[in-house]
């Protein structure tokens, strides 16, 4: 098993139309390079049978490529001997631009021993049928009926073996729909053992259909991969389905993730203002508006990750707007109850709830804003407790005149949450 990730990649381009096709605002080629960067691959050699000037012009002026170095090689004017001198030293990740994939797929390949090939359950349309020996070694299938899997355009290999495979596949590469498939075919005949990475649990979507419907299906597949590990069952079941439907509509507009964050926060604040009214109808409307804001709040992150518009400012804006809404919401509920029942206890509860929210923000916000922070079982539990799942019960509490229960639970829960986090942080090593 290798002990390090490689930062070197080779990208095979066979068809000009495929790699310039936009999917969710980002072309196939740009998406491949940006996903590679997320997986730690920031130095690329692009091998192409298309016009290198077109490829270069397509990548020019992309601000997201500031941390990515790439060189473009015209395979039409190259020989195996001259290409050998340009291949990077050491371990290399080789990918094809005939499919959609994400950073998680490349990270999984980074964790495989070299040489390793991506595979998935075999299908009739597969270009290279293979069989797995002992469940993890890739070998060519003598016939289609013997094949259990198909090789995909995803390879981790050292320079010496990759050079040998490219030289052996040189003539076949120029006429292949996917040059990397020819390289992998040759590799399987010369390598003593090739490890398998089953990509069926990751995103690997062949780009066979570039029609409007086909591209829409590809965007849907990308969206389905955008959930987070910390999503609760209710978020996965309800919120993510709704937010993905909204995000799918936003892809083809000029709306940016930060715009969605501001809209979500505005709706949440409007919901809080409604909850401050001494009327059950207004309070139910307010709770529904807050629930809507939590659903839309998921769209900004989905849109950002889908279109590679993540930014430190956007992440901070998202957290800030969430906390502004919370800072207004709980006192607003208390104010609505006070105006409805004229009992001073609700003003006290509102003040205590605001204090608990501010206390929780003070102790927990640094963890949220620190991407590299360790995530133990205890921290994951706290992250789940800090979720907004309570938004789903708020309308029912408003309908049945039980918002005072929620207010008491907020006061007790916010201080208990913050105090437990302080104790947890004290016990953890620095």
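Tell me, yes or no, whether region 182-203 has at least one residue that is under 21 Å from residue 244 (Cβ atoms), in the same structural domain as residue 99 (by TED's automatic domain parsing), surrounded by fewer than 21 Cβ atoms within 10 Å (Cβ to Cβ) and in contact with a helix residue (DSSP H, G or I) (Cβ under 7 Å, 6 or more places away or on another chain). Within region 182-203, one or more residues are under 21 Å from residue 244 (Cβ atoms), in the same structural domain as residue 99 (by TED's automatic domain parsing), surrounded by fewer than 21 Cβ atoms within 10 Å (Cβ to Cβ) and in contact with a helix residue (DSSP H, G or I) (Cβ under 7 Å, 6 or more places away or on another chain). Each residue in region 257-272 was checked for being crowded, with 17+ Cβ neighbours inside 10 Å and in contact (Cβ under 8 Å) with a residue 40 or more places away in the chain, and 10 of them qualify.
Looking for whichever is under 21 Å from the mean Cα position of the chain (by Cα) and either part of a loop (DSSP other than H, G, I, E, B) or surrounded by fewer than 17 Cβ atoms within 10 Å (Cβ to Cβ) (or both) here; the options are 100, 107. Which one fits?
Answer to the check: 107.
Determine whether region 344-361 contains at least one residue that is modelled with pLDDT under 85, assigned to a helix (DSSP H, G or I), surrounded by 12 or more Cβ atoms within 10 Å (Cβ to Cβ) and in contact with a helix residue (DSSP H, G or I) (Cβ under 8 Å, 6 or more places away or on another chain). It would help to see each step written out before you state the result.
We begin by selecting, within region 344-361, every residue modelled with pLDDT under 85; these are 360-361.
Keeping just the survivors that are assigned to a helix (DSSP H, G or I) gives 360-361.
So of that shortlist, the ones also surrounded by 12 or more Cβ atoms within 10 Å (Cβ to Cβ) come out as 360-361.
In the following step, the residues that additionally are in contact with a helix residue (DSSP H, G or I) (Cβ under 8 Å, 6 or more places away or on another chain) were identified as 360-361.
Among the residues of region 344-361, at least one is modelled with pLDDT under 85, assigned to a helix (DSSP H, G or I), surrounded by 12 or more Cβ atoms within 10 Å (Cβ to Cβ) and in contact with a helix residue (DSSP H, G or I) (Cβ under 8 Å, 6 or more places away or on another chain), which makes the answer yes.
Considering only region 18-36, state which residues are closer than 25 Å to residue 254 by Cβ and assigned to a helix (DSSP H, G or I). Passing the criteria: 19, 20, 28, 29, 30, 31, 32, 33, 34, 35.
From the list 165, 177, exactly one residue is more than 29 Å from the chain's Cα centre (by Cα) and either assigned by TED's automatic domain parsing to the domain that holds residue 50 or farther than 23 Å from residue 97 by Cβ (or both). Which is it? Give the steps one after another, and end with the answer.
Working: 177 fails: more than 29 Å from the chain's Cα centre (by Cα).
The match here is 165.
Step by step: first the residues of region 37-50, then only those that are outside any loop (DSSP other than H, G, I, E, B) and touching a helix residue (DSSP H, G or I) at 6+ places or on another chain (Cβ under 7 Å), then the one that is nearest to residue 103 (Cα to Cα). Which residue is that? In this case the residue turns out to be 38. When we screen 85, 57, 69 for residues that are farther than 22 Å from residue 171 by Cα, surrounded by fewer than 20 Cβ atoms within 10 Å (Cβ to Cβ), without any contact (Cβ under 8 Å) to a residue 24 or more places away in the chain and assigned by TED's automatic domain parsing to the domain that holds residue 175, the only hit is 57. Residue 210 satisfies every condition listed in (1) within 26 Å of the chain's Cα centre (by Cα); (2) within 16 Å of residue 10 (Cβ to Cβ) except (2). Looking at 90, 118, 61, just one residue is touching a strand residue (DSSP E or B) at 6+ places or on another chain (Cβ under 7 Å) and closer than 26 Å to residue 307 by Cα, and that residue is 118. For residue 142, the stated conditions hold: it is touching a strand residue (DSSP E or B) at 6+ places or on another chain (Cβ under 9 Å), free of Cβ contacts under 8 Å to residues at least 40 places away in the same chain and loosely packed, with under 15 Cβ neighbours inside 10 Å.
Here is the figure for region 91-106: residues that are touching a helix residue (DSSP H, G or I) at 6+ places or on another chain (Cβ under 8 Å) and more than 22 Å from residue 191 (Cβ to Cβ) total 6. The set of residues in region 46-94 being at positive phi and modelled with pLDDT under 90 consists of 61 alone. Each residue in region 145-181 was checked for being part of a strand (DSSP E or B) and surrounded by fewer than 18 Cβ atoms within 10 Å (Cβ to Cβ), and 1 of them qualify.
Could you go through region 308-324 and let me know if any residue there is out of contact with any strand residue (DSSP E or B) (no Cβ under 6 Å at 6 or more places or on another chain), within 27 Å of residue 400 (Cβ to Cβ) and free of Cβ contacts under 8 Å to residues at least 40 places away in the same chain. For region 308-324, residues out of contact with any strand residue (DSSP E or B) (no Cβ under 6 Å at 6 or more places or on another chain), within 27 Å of residue 400 (Cβ to Cβ) and free of Cβ contacts under 8 Å to residues at least 40 places away in the same chain: absent.
The values are calculated or read from the model by the stated rules, or taken from the named source; none is laboratory data. Bear in mind the structure is a predicted one, so any value in this text is a computation, not a measurement. Backbone-built Cβ (ideal geometry, glycine too); neighbour counts: all protein chains shown.
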